[in-house]
Amino acid sequence: MTSLRQRLIDSWVVRSLGAGVVGSVLDHTVGTVCALTGLSTRWAAMAGKVTGAVFGFFALRYFAFVDHRTSLVGSAVRFVVVNAGIAVLHGQVTVWLRDGTGLPYLASALAADLLVVTPLSLIASRFAIFPRHRVDGAEPAR
């Protein structure tokens, strides 16, 4: 019987969330620095998202979704398309929260992450960007 700890480590959800946490730290560091230097909220949010996304793509591909067999180019194109849409939604929610309600940039961006990025990224990554590799129509053991 596999221990709970091992099952969590083997879970694509846990590995994805771990990659997301590191990507989020990069995202918010870059976004906050950009906002503090006078860049508009929209551009600061997008600069942070792009930085976090580049890290996130490689972390997801090589760490979280080890059970896929998609080409680098194919998965990169799908990742860019999906995350471009997510970035626009994230930017709009961040702008609404910061400029519309007066929340500080970092609080606005983190809230937008929880509301927009986390659920959409998890679903899209598993089922559209890095789908499980099937052998003869069967699901892999993981």
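Values quoted throughout were computed directly from the atomic coordinates according to the rules given, and no laboratory measurement underlies them. Quick caveat: nothing in here was measured; it's all calculated off a predicted structure. Cβ atoms come from the backbone with ideal geometry, glycine included; neighbour counts cover every protein chain shown.
Observations
- Top-ranked residue in the range 6-47 [being touching a residue at least 60 places away in the same chain (Cβ under 8 Å), surrounded by 15 or more Cβ atoms within 10 Å (Cβ to Cβ) and of a type in the set (Val, Ile, Thr); ranked as farthest from Ala107 (Cα to Cα)]: Thr41
- Residue selected from the range 93-110 under the condition in contact with a helix residue (DSSP H, G or I) (Cβ under 7 Å, 6 or more places away or on another chain) and more than 14 Å from Thr32 (Cα to Cα), by the criterion surrounded by the fewest Cβ atoms within 10 Å (Cβ to Cβ): Asp99
- Meets criteria (surrounded by fewer than 18 Cβ atoms within 10 Å (Cβ to Cβ), touching a helix residue (DSSP H, G or I) at 6+ places or on another chain (Cβ under 9 Å), of a type outside the set (Lys, Arg) and assigned to a helix (DSSP H, G or I)) for Thr51: no
- Every residue from the range 54-90 that is in a helix (DSSP H, G or I) and of a type in the set (S, T, N, Q): Ser75, Asn83
- Search result, residues across the range 54-75 that are surrounded by 15 or more Cβ atoms within 10 Å (Cβ to Cβ) and closer than 22 Å to Leu115 by Cα: Phe55, Gly56, Phe57, Ala59, Leu60, Ala64
- Within the range 109-120, the presence of a residue that is in contact with a Pro (Cβ under 9 Å, 6 or more places away or on another chain) and of a type outside the set (Asp, Glu) is excluded.
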